[in-house]
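**Student:** Have a look at this one.
Read the figures in this text as sums done on the coordinates, not as results from a lab. The shown structure was predicted, so the numbers you read here are calculated from the model rather than taken from an experiment. Cβ placement follows ideal geometry from the backbone for every residue including glycine, while neighbour counts extend to all protein chains displayed.
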Amino acid sequence: MNLESKQKVFGIGFHKTGTTSLALALKILGYHCNRGLDDLRRIWGLEKCVRLLVNNDLQPYLNYIKDFDASLDNPWYLIYKELDLAFPGSKFILTKRDPEKWLASCTHFFEGTNNIYRKWMYGHSEIKGNEEIYLSRYRRHMDEVQHYFKGRPDDLIIVDWEQGAGWLELCEFLNRPIIKLPFPHLNKKGDELHSR
């Protein structure tokens, strides 16, 4: 179902791949952003958020984001196909990171925490002892997104902020003037801004 004709932007890289940096960059570019489950967790509660995903009842999610210009992080990266169908003509940004660095960041932020969303997503909430399962899920997502958007270079860009991607790639993809500011790099280990 086409919910709205205005072009939207979706960040569909996994958590810990530079999504906080992307969110700030999009805000600087003037996009009204929805970032992850934080607001929906306050509105619906995390159990309802996960239950809707488990039941593939995605209409409440699609209705919620129709007034945003951009949405990224949880759970949008897992429902990119449905977003593509609901909002045709959208732009998709796949943030990536070296898998071992990604795993180390996930371990730093998530180890010792119990979260039903991650349990649904990975099969295990606890990362310790399940590192290969987490890595396999991350790699599978990267492969599936690239396969889905194969032959659609105007719809998907893949960026790795740690490898030097920044304003040039992002602004050219979004057809925006290139920003003459340092690209934001946030939510690194040790930073004060943490999303989880």
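**Student:** Trypsin sites (Lys or Arg not before Pro), restricted to the stretch 1-81: which are DSSP loop and have at most 15 other Cβ atoms within 10 Å?
**Tutor:** Filter output for the stretch 1-81: K6, K66.
**Student:** Okay, next question. Compactness ratio of the stretch 60-100: Cα Rg over 2.2 N^0.38 Å, N = residue count?
**Tutor:** Against the compact-globule rule of thumb, the ratio is 1.26.
**Student:** Now for a different question. What FRET efficiency, computed as 1/(1 + (r/R0)^6) with R0 = 35 Å and r the Cβ-Cβ distance, is obtained for H124 and E82, rounded to the nearest 0.05?
**Tutor:** Efficiency at R0 = 35 Å is approximately 0.90.
**Student:** Among rounded, prolate and oblate, which fits the stretch 26-183 when a ≥ b ≥ c are the square roots of the eigenvalues of its C-alpha gyration tensor, a/c under 1.5 means rounded, and a/b larger than b/c means prolate?
**Tutor:** Oblate, since a/c reaches 1.5 and b/c is not below a/b.
**Student:** Can you compute the helix-only [θ] at 222 nm over the chain? Use -39500 (n - 2.57) per DSSP H run of at least 4 residues, normalise by all residues, nearest 500 deg cm²/dmol.
**Tutor:** It lands at -12500 deg cm²/dmol.
**Student:** Here is a further query. Using a Cα-Cα cut-off of under 18 Å, which aspartates and glutamates could be cross-linked to K48, ignoring same-chain neighbours fewer than 8 residues away?
**Tutor:** Counting by Cα, and skipping residues close in sequence, K48 has these aspartates and glutamates nearby: D38, D39, D57, D73.
**Student:** Explain nothing, just the number: dipole magnitude of the stretch 50-161 about its Cα centre with +1 on each Lys and Arg Cβ and -1 on each Asp and Glu Cβ, in debye rounded to the nearest 20.
**Tutor:** 160 debye
**Student:** Here's a follow-up. Could you list which residues have their amide H under 5 Å from that of V159, counting only those 5 or more apart in sequence or on another chain, with H placed in the peptide plane?
**Tutor:** Distant-sequence amide H within range of V159: L94, T95, K96.
**Student:** Let me ask another. Name the residue farthest towards the positive end of the dipole of the stretch 39-186 from the options S136, N74, C49, assuming +1 on Cβ of Lys and Arg, -1 on Cβ of Asp and Glu, about the Cα centre.
**Tutor:** C49
**Student:** Binning every alpha carbon pair distance of the stretch 1-114 at 10 Å from zero, what are the percents per bin?
**Tutor:** 13, 44, 35, 8, 0
**Student:** Here's another thing I want to ask about it. In debye to the nearest 20, how big a dipole does the stretch 103-164 give about its Cα centre with +1 on each Lys and Arg Cβ and -1 on each Asp and Glu Cβ?
**Tutor:** In total the dipole reaches around 240 debye.
**Student:** Here is a further query. How big is the dipole moment of the chain about its Cα centre under a simple scheme where the beta carbon of each Lys and Arg is +1, that of each Asp and Glu is -1, and everything else is neutral? Debye, nearest 20, please.
**Tutor:** In debye, rounded to 20, the chain gives about 180.
**Student:** Apply 1/(1 + (r/R0)^6) to the Cβ-Cβ distance of R41 and L168, taking R0 = 30 Å, and write down the FRET efficiency to the nearest 0.05.
**Tutor:** So the FRET efficiency works out to roughly 0.30.
**Student:** Another one. Evaluate the distance, in nm, between pseudo-label points positioned 7 Å from the Cα of R152 and of A104 along their respective Cα→Cβ axes.
**Tutor:** 3.4 nm
**Student:** How far, in nm, would the chain grow between N114 and D67 when pulled straight, counting 0.36 nm per residue and subtracting the alpha carbon separation?
**Tutor:** Computed gain between N114 and D67 is 13.8 nm.
**Student:** So for the chain, taking the charge dipole from beta-carbon charges (+1 Lys/Arg, -1 Asp/Glu), which of G89, Q59, H108 sits furthest toward the positive end?
**Tutor:** Toward the positive end, the furthest listed residue is Q59.
**Student:** Among P153, P184, P88, which one moves the most in a GNM of the chain with springs linking Cα atoms closer than 10 Å?
**Tutor:** Its mean-square fluctuation being the largest, the pick is P153.
**Student:** While we're looking at this one, here's another question. Which whole DSSP H helices in the chain pass both tests: a Cα extent of 20 Å or more along the axis and a mean Kyte-Doolittle value no lower than -0.5?
**Tutor:** Taking the DSSP H segments of the chain (at least 20 Å long, mean hydropathy at least -0.5), we get none.
**Student:** Provide the percentage of antiparallel DSSP beta bridges, counting only those with both residues in the chain; round to the nearest 5.
**Tutor:** 0 percent
**Student:** What do you get for trypsin sites (Lys or Arg not before Pro) in the stretch 119-164 restricted to DSSP loop and a cutoff of at most 14 other Cβ within 10 Å of the site's Cβ?
**Tutor:** Within the stretch 119-164, the qualifying trypsin sites (Lys or Arg not before Pro) (loop, at most 14 other Cβ atoms within 10 Å) are K128, K150.
**Student:** As an exercise, identify the GluC sites (Glu not before Pro) in the stretch 32-138 lying in DSSP coil whose Cβ has no more than 16 other Cβ atoms within 10 Å.
**Tutor:** E111, E126
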